[in-house]
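A short write-up of the structure that comes next.
The values are calculated or read from the model by the stated rules, or taken from the named source; none is laboratory data. All values derive from a computational prediction rather than experimental measurement. Here the Cβ positions follow ideal geometry from the backbone for every residue, glycine too, while neighbour counts run over all protein chains shown. Accessible surface is based on the protein model in full, side chains and every heavy atom, while ligands, DNA and RNA are left aside. Shrake-Rupley method; radii C 1.70, N 1.55, O 1.52, S 1.80 Å.
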Amino acid sequence: WSSLFSCNIRMASSSSTYIKIAGVVLKIIKHYQEEGQGNEVVQGVLLGLVVDDRLEITNCFPFPQHTEDDADFDEVQYQMEMMRSLRHVNIDHLHVGWYQSTYYGSFVTRALLDSQFSYQHAIEESVVLIYDPIKTAQGSLSLKAYRLTPKLMEVCKEKDFSPEALKKASIAYENMFEEVPIVIKNSYLINVMLWELEKKSAVADRHELLSLASSNHLGKSLQLLMDRVDEMSQDIVKYNTYLRNVSKQQQQKHQYQQRRQQENIQRQSRGEAPLPEEDINKLFKPPQPPPRMESLLIAGQINTYCQNIKEFNAQNLGKLFMAQALQDYNN
């Protein structure tokens, strides 16, 4: 349980086909607004239950922020005490996953993979909710739920991320994660509160959504994309180096076997016994292949960035066409 704290996406095919969220979204948003700053990631636990073919998320609580000075803080104990307290007041206390904020869509990481594997290995229906505050600030709630695919779960159980194992399991960045549809159900009190907030919001705040400026968001997204592309290029260089070393060693093995064969022929012509058999794998230890999971994660993150940039540009183009039409109408 210690790991609980730490891309093209296809639709889910697990036992729960969709997720129903009730009264949790505002808590996640409030958690980020109180403790999230810039690229600071906030995380928390999702609680609920499985009903028929859906996973209902009815409550959540955050992981507290702690520094190096809080060395004695026991995250597992804190989590268990929170669940015990919720059970005492008759609130859903069963683990159904966790949530995490993201910075410009940067969530496809090894830390998320390991944490989600731990949750999903213990509870099959577990999901991770990814909340994007920057995308939400543009006027559209960005909240998505993901699970690891069954193929990736099997590979993670074996802990073999070699190129051969991933190829055998047919693992690519497109089928690492599966997206689970979300249905948000708010109570009447939450709907009334949202209506009052909308009435109190200034007209200027609403007009900000129509801003045609896009340089900051687009520039940051492109910078993150370029960083990931550079990492992918470095991984490709490492893998090509590995392939060259394998090819070079195969040539050395072949040359060694030919020399041994010629020497045995000469010894046989002199009436001498042939040389003893040797384990060639001990003489030529194969080079260790670089782990390919990091490359798959980088490829998945690159795909996520590309999708985000595509959606952002589509919205901006829509606003530009609308502004042009208004200008033509006024003229």
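Would you work out the relative contact order for segment 121-183, in percent, from Cα pairs under 8 angstrom that are 6 or more residues apart? The partial results should precede the final answer.
On the way: 61 pairs, mean separation 21.6, N = 63.
Relative contact order of segment 121-183: 34 percent.
If we count every other residue with Cβ under 14 angstrom of F284's Cβ, Lys/Arg +1 and Asp/Glu -1, where does the sum land?
On the way: positive: K248, K253, R259, R260, K282, K285; negative: E278, D279.
Around F284, the surrounding residues sum to +4.
Convert each backbone phi in segment 126-134 into a coupling constant with the Karplus relation 6.51 cos²θ - 1.76 cosθ + 1.60 (shift: θ = phi - 60°), then list the ³J(HN,Hα) values in order as whole Hz, x for Gly and Pro.
3J(HN,Hα) across segment 126-134, in whole Hz: 4, 10, 10, 8, 10, 10, 10, x, 5.
Restricting to bridges with both residues inside the chain, how much of the DSSP beta-bridge set is antiparallel, in percent to the nearest 5?
Values: 22 of 37 bridges.
In the chain, DSSP labels about 60 percent of beta bridges as antiparallel.
List the lysines whose alpha-carbon lies under 23 Å from that of K199, not counting same-chain residues fewer than 8 positions away?
Counting by Cα, and skipping residues close in sequence, K199 has these lysines nearby: K27, K30, K135, K185.
Counting only heavy atoms of the protein chains, get the accessible area per residue of the chain (1.4 Å probe) and round it to a whole Å² value. Walk me through the numbers before you get to the answer.
Details: 20190 Å² over 331 residues.
Per-residue accessible area for the chain comes out at 61 Å².
Within a Cβ distance under 12 Å of Y103, other residues only, what is the Lys/Arg minus Asp/Glu net charge?
Numbers: positive: K135, K220; negative: E40, D132.
Once positives and negatives cancel, what remains is 0.
Please work out, to two decimal places, the log10 of the ratio I(q)/I(0) at q = 0.09, 0.12 Å⁻¹ from a Debye calculation in which every Cα of the chain carries one identical scatterer.
-0.63, -0.98
Suppose only helical runs count, i.e. DSSP H with n ≥ 4. What mean residue ellipticity at 222 nm does that imply for the chain under -39500 (n - 2.57) per run, divided by all residues and rounded to the nearest 500 deg cm²/dmol?
Numbers: 11 runs with 172 residues, N = 331.
Value at 222 nm, helices only, nearest 500: -17000 deg cm²/dmol.
Carbon and sulfur together cover what percent of the accessible area of the chain at a 1.4 Å probe radius?
Numbers: 10710 of 20190 Å².
Reported share for carbon and sulfur atoms: 53 percent.
If you average the alpha carbon positions of segment 83-161 and of segment 37-57, how far apart do those two centres end up, in angstrom?
Using only Cα atoms to place each centre, the spacing works out to 7 Å.
At 1.4 Å probe size, put I57, I91 in order of accessible surface, largest to smallest.
On the way: I57 0, I91 70 Å².
Sorted by accessible area, descending: I91, I57.
Count the net charge of all other residues whose Cβ sits under 15 Å from the Cβ of D230, scoring Lys and Arg as +1 and Asp and Glu as -1.
Values: positive: R228, K238; negative: D227, E231, D235, E294.
Once all neighbours under 15 Å are counted, the net charge is -2.
Can you tell me the FRET efficiency between S85 and R244 if r is taken as the Cβ-Cβ distance and R0 is 41 Å, rounded to the nearest 0.05? Could you put the intermediate results ahead of the total?
Values: r = 59 Å, r/R0 = 1.43.
Efficiency for this residue pair is about 0.10.
Which entries in K20/K151; K248/K282; K238/K310; K248/K285 show an alpha-carbon gap greater than 20 Å?
Flagged as over cut-off: K20/K151; K238/K310.
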